[in-house]
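Coordinate-derived values only; no laboratory data. Keep in mind that what you see is a predicted model, and the values were worked out from it rather than measured. Cβ atoms come from the backbone with ideal geometry, glycine included; neighbour counts cover every protein chain shown.
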Amino acid sequence: MAPVDLSRVLWTNDAPTLAEETSLKKAVSKLERKLMIIQRNLDQHRGALSVIRRFPYEVLGRIFCFALDTPSPLDRYHRSVLLKLGRVCRGWREASLLEHRLWSRLELGSEGTYDQVTTWLSRSGNVAKSLRTTMWKKEDDDIFANSTIVRLLTDGPPFDHLCLSCGHVGALAQFIYHFGLARVGAPLRPWDGLRSLVIDICYEPSSASAFDGATPPSTIYSLLPPVKSLVICLPSQEFTFGARIPHDVPIGVTPTLLAGLTSLAFSCDWKSDHILSMLQECTNLEHLIVEFNNLVVLDPNQLGRTYPLDGIHLTKLRSLELRWLRRPTQQLRILRHIITPYLTSLTIFAEMDENATLSQGGTRAIKRFIKRSRCQDTLCSLQLQRIDPEDPEDFASIFTSMPGLTRLSLRQVTVDEDFWRSLRKGKCLPDLEELEVLEVTDVEDSWGFIRELLRFLEAQGKRDKKREVLVSFPKPRSFTTSDAEYIWASRKRGSLKDFAIEFGMIRKAIEYDMSDPWNF
């Protein structure tokens, strides 16, 4: 059958005949198939020109780390994502294998055999290896002894870090007792060589088992390996003891272990002075984190305990964090009992409730701590979060005792124009290099707030060294970095750059999950 001449309908506006319409449909179908082939070839050629093909494998590996939230441990889902990335092409497979950190940190449940896990970890090379696991209940002894986690810590490769989240104290006791058994003449296990250990007991009231009777904490924590970094998160006093106040329940971490620690994080809301008793043994401590959450530091005379009259000397401590203070003024009394002559970083986080007010007594506690420790010249970083100062001028007086401060971070802290005026009049923070004022609360006039902040920076004069300033408000406001430049220029002082000030406004500050014990 002779082909139909379509020139009449292609080059005119006439309607096609029935035969021409049939031919047109066949032609359209044929052209669409050709177009798909052309488009596929076009995409293939464009893909060959992609910049990502030029990325070194080391850069691709770093991108994979960001995508998988490394250094967080990889759970089952993220491990499957990593394997899928390696199946894209040979280059991506090579990139994933070159980034040893991707294979070094695991979060394990009941999945995975010993051979599978050791094969996975073998790809991490010489990078320090970490394990994280959750134990919800006590297992049969035979099943427990043959579990993957137990075999890894007995016969597996060396591990640097172990995080144990326990749903029941009985499960923790079973685990610790198994590894704490005397092994005279036996070779060292990965458990014995741990450098960092997190123990987080997180059970709910329905499954709670009180810390007394067969499993007191003193018999659990006395069997820990000689780690350098230790995190202990104890369960709520209400869930564990009910109406009883646990004055007489010892924690039981041995003095030998405490003396070898360089890092300690202790989370406890028990009404007791356990942290002070422990700190007396921590002669080599460099980093300390204490989560209060309604902890009350008792008068030592009430319990017949004695403390050094001149305070507990932590001569090697460099950083101190006090977290989740529900009543800051009262709970800052812990500062009365410690001396830190070489402290470089102080962080204080309070809970955001009606009791988070920092009174003049709280500011005095901080100033006396700095003066008594004589760390005015070494303290260079201060971070405060969720603090509501009772008196802005009194609050500003804290900074007169910190002349060496180079970094100041205020997040969800109630400060106003008077605060910056007080800092300016007191000529505070002469060496400040980094200032963060994030999620500023209770500010009605954002222009006035920024104006006084800039006047404070202006009063410090010109510098050769750059100063970084970052500000954010909890709700979107019509204020930008350009507005800050305008305010500065209106004072006829040149530009912010002339004063080496790098000013930035952000919509919302990055959230940091403080509830995760891995963050210690």
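Which of the listed residues, Leu164, Phe179, Val150, is farthest toward the dipole's positive end in the range 134-181, when Lys, Arg count +1 and Asp, Glu count -1 at the beta-carbon?
Leu164
Just subtract the alpha-carbon distance of His178 and Glu94 from 0.36 nm times their residue separation and send over the number in nm, one decimal.
26.3 nm
Step through the residues of the range 146-156 one at a time and calculate ³J(HN,Hα) from phi using the Karplus curve (6.51 cos²θ - 1.76 cosθ + 1.60, θ = phi - 60°), rounding each to whole Hz and writing x for Gly and Pro.
Karplus values, whole Hz, x for Gly and Pro: 9, 5, 4, 4, 5, 5, 4, 7, 9, 10, x.
Quick one: length gained pulling Asp445 to Leu83 fully straight, 0.36 nm per residue minus the C-alpha distance?
Working: separation 362, 0.36 × 362 = 130.32 nm, distance 5.23 nm.
Full-extension gain reported as 125.1 nm.
What number comes out for the charge environment of Val28, summing +1 per Lys or Arg and -1 per Asp or Glu over other residues with Cβ under 14 Å away? Could you put the intermediate results ahead of the total?
Working: positive: Lys25, Lys26, Lys30, Arg33, Lys34; negative: Glu20, Glu21, Glu32.
So the environment of Val28 carries a net charge of +2.
Quick query: amide H of Lys129 versus all other amide H atoms, modeled in the peptide plane; which residues come in under 5 Å with a sequence gap of 5 or more or a different chain?
Long-range HN contacts for Lys129: Asp160, His161.
Quick one: which residues, 5 or more positions from Cys166 or on another chain, have an amide H under 5 Å from its amide H? H modelled 1.01 Å from N in the peptide plane, none for Pro or chain starts.
For Cys166, whose amide H was placed from the backbone, the distant partners under 5 Å are Met135, Asp200, Ile201, Cys202.
For the range 110-115, just list the computed ³J(HN,Hα) in residue order, Karplus coefficients 6.51, -1.76 and 1.60, θ = phi - 60°, integers in Hz, with x standing in for Gly and Pro.
Using θ = phi - 60°, the values come out as 8, 7, x, 8, 4, 5 Hz.
Assuming a viscosity of 1.002 mPa s and a temperature of 20 °C, what translational diffusion coefficient in µm² per second does Stokes-Einstein assign to the range 13-86, Rh being the Kirkwood radius over Cα pairs? Could the numbers behind the result be given before it?
Details: Rh = 17.0 Å.
The Stokes-Einstein estimate is 126 µm²/s.
Of Lys129/Lys228; Lys137/Lys271; Lys425/Lys462; Lys371/Lys425; Lys371/Lys462; Lys316/Lys425, which pairs sit farther than 24 Å apart, going by alpha carbon to alpha carbon? Present the calculation step by step, with values, prior to reporting the outcome.
Numbers: Lys129/Lys228 15 Å; Lys137/Lys271 27 Å; Lys425/Lys462 17 Å; Lys371/Lys425 22 Å; Lys371/Lys462 30 Å; Lys316/Lys425 35 Å.
Where the Cα-Cα span goes over 24 Å, the pairs concerned are Lys137/Lys271; Lys371/Lys462; Lys316/Lys425.
Order 85-96, 390-401 from most to least packed using the mean count of other Cβ atoms within 10 Å. Display every interim value, and only then the final one.
Values: 85-96: 15.2, 390-401: 17.9.
In descending order of packing, they fall as 390-401, 85-96.
Can you check what the net charge comes to around Pro403, using other residues whose Cβ is under 11 Å from the Cβ of Pro403 (Lys, Arg +1; Asp, Glu -1)?
So the surrounding residues net to -1.
Going by amide H atoms built from the backbone, whose H comes under 5 Å of the H on Asp273, apart from near neighbours?
Leu298
Show which lysines lie in cross-link reach of Lys25 when reach means a straight Cα distance below 25 angstrom and same-chain residues fewer than eight apart are skipped.
By straight Cα distance, Lys25 reaches Lys34.
Run the quick spin-label model on Thr113 and Thr134: label points 7 Å from Cα toward the beta carbon, then report their separation in nm to one decimal.
2.6
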